[in-house]
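First comes the structure, then the notes that go with it.
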Ligand SMILES: [Zn+2]
């Protein structure tokens, strides 16, 4: 086991029984270039009851420093608790017996100016709805003047749909992820983008040539990182995360299988990205005309709560432009049924995002209709793109091992969209989108 594998093992990524055959090549810690801690904080608390490699590292270090834990067995028990508390007391830290970022850095010695690891969102894990909610709360607490969140809807199974904003300007870009359940790596991308932009804003840094503070003082980026939390939860956790009364239907809509890894729809068996009224009536209903794990457009446009939540936010924030993140294939969709005047603007957006990401631009209008970007560009007439991240994985989720590549390709996309929102807003300051749904 090399160091990378140790980290991944401690994160539970390499453990036996992990779904999806995920074999990341990049450790989470390796992406935190700002942190210079000798041994990187794992990104989660180590506390009473924790087990694994990181617990063992903490125990070995405490023993080495003279705070006896007994045998370093990788199990956080009462001896380790006492040792952590004694160490915290001696180092004037909060004496709670929990190894968080500050205690970790005190233990292992930060050599840089920053004494706390700054990154909240750990992309190298099965990124659940609950994890996202936790991270949204952490981000809004850490950046109270910059990052805000609100609930814009609720699924039929009672999961709140969150929107998150970063920035202070009126011109607005709108970015979203996980319309499709199995595409939750796009939730990670949305969340990591918020986290990294907030850090760069605080430090006055640039990303991809954009001065983040300049852009976000003059614009706001709104995100819905997980449009379809029911679907994502079903994809990741299966039937056990749903009431027993729903199991028969969900399994039937999955072709009789209890393996939901290919699931794309929401938990009503409706595809959220076939729900927008941009060519909705023309979508081939002959393929699937009943609830199914993918491709069912539903009984009417705007039928499901997930899509109503997106439209509610759009009415509220009046975005100048939009990117819908999907996976996979490293391609950009654009130009569904555009007029000639729109075509030049949207093609220019696609070309710019291609230059940032290196992704392939699909021919104009290659989408089937019914998608958010289809409707947004065709009906609303403002620029938008559908960006499919990750090398092609067919009907399976993109493994999180691809995330460092995906991030390097997409890190400037949000700033580009925000900068363009500023430019467009100057041209049409009084133009307002209002959707009836
Ligand atoms: Zn998709």
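The values are calculated or read from the model by the stated rules, or taken from the named source; none is laboratory data. Just so we're clear, the structure is a prediction, and the values are computed from it rather than from any experiment. Counting neighbours? That spans all protein chains shown, and the Cβs are built from the backbone with ideal geometry, glycine included.
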Please tell me if residue 269 is part of a loop (DSSP other than H, G, I, E, B), over 20 Å from the mean Cα position of the chain (by Cα) and surrounded by fewer than 16 Cβ atoms within 10 Å (Cβ to Cβ).
no
Hey, does the range 345-363 have a residue that's closer than 23 Å to residue 178 by Cβ, out of contact with any helix residue (DSSP H, G or I) (no Cβ under 9 Å at 6 or more places or on another chain) and buried (at least 19 other Cβ atoms within 10 Å of the Cβ)?
yes
Among helices (runs of 4 or more DSSP H) entirely inside the range 55-154, those with 2 or more residues being more than 30 Å from residue 308 (Cα to Cα) are 78-90, 101-108
Quickly run through the range 213-224 and pick out the residues that are in a helix (DSSP H, G or I) and touching a residue at least 60 places away in the same chain (Cβ under 8 Å).
215, 216, 218
Hits in the range 317-331 - residues which are within 15 Å of residue 176 (Cα to Cα) and either modelled with pLDDT under 95 or not in a loop (DSSP other than H, G, I, E, B) (or both):
317, 321, 322, 323, 324, 325, 326, 327
What is the number of the single condition among (1) touching a helix residue (DSSP H, G or I) at 6+ places or on another chain (Cβ under 9 Å); (2) within 16 Å of the ligand (Cβ to nearest atom); (3) not assigned by TED's automatic domain parsing to the domain that holds residue 327 that residue 251 does not meet?
(2)
Among the residues that make up the range 296-314, is at least one of them away from the ligand (no atom under 16 Å from the Cβ), in a helix (DSSP H, G or I) and modelled with pLDDT under 95?
no
Taking the range 156-184 on its own, how many of its residues are over 25 Å from residue 382 (Cβ atoms), part of a loop (DSSP other than H, G, I, E, B) and away from the ligand (no atom under 16 Å from the Cβ)?
4
Complete set of residues in the range 190-212 that are buried (at least 24 other Cβ atoms within 10 Å of the Cβ) and in a loop (DSSP other than H, G, I, E, B):
none
Tally the residues that are within 16 Å of the ligand (Cβ to nearest atom) and either over 26 Å from residue 198 (Cβ atoms) or out of contact with any strand residue (DSSP E or B) (no Cβ under 9 Å at 6 or more places or on another chain) (or both), restricting the search to the range 377-387.
0
Checklist (1) more than 16 Å from the ligand (Cβ to nearest atom); (2) touching a residue at least 12 places away in the same chain (Cβ under 8 Å); (3) under 16 Å from residue 189 (Cα atoms) applied to residue 402, failing item:
(1)
Taking residue 391 as the residue in question, decide whether it is over 14 Å from residue 334 (Cα atoms), touching a helix residue (DSSP H, G or I) at 6+ places or on another chain (Cβ under 7 Å) and within 16 Å of the ligand (Cβ to nearest atom).
yes
Just to be sure, is residue 153 assigned by TED's automatic domain parsing to the domain that holds residue 373, surrounded by fewer than 17 Cβ atoms within 10 Å (Cβ to Cβ) and more than 16 Å from the ligand (Cβ to nearest atom)?
no
Among 84, 147, 58, the single one that is at negative phi, touching a residue at least 12 places away in the same chain (Cβ under 8 Å), surrounded by 16 or more Cβ atoms within 10 Å (Cβ to Cβ) and in the same structural domain as residue 406 (by TED's automatic domain parsing) is 147
Quick test of your reading of the structure: residue 187 fulfils all but one of (1) under 20 Å from residue 267 (Cβ atoms); (2) within 16 Å of the ligand (Cβ to nearest atom); (3) not in a helix (DSSP H, G or I). Name the failing condition by number.
(3)
Test: residue 162 is touching a residue at least 40 places away in the same chain (Cβ under 8 Å), in contact with a strand residue (DSSP E or B) (Cβ under 7 Å, 6 or more places away or on another chain) and closer than 27 Å to residue 238 by Cβ
yes
Within the range 225-232, is even one residue in contact (Cβ under 8 Å) with a residue 60 or more places away in the chain, more than 14 Å from the ligand (Cβ to nearest atom), closer than 19 Å to residue 400 by Cβ and buried (at least 16 other Cβ atoms within 10 Å of the Cβ)?
yes
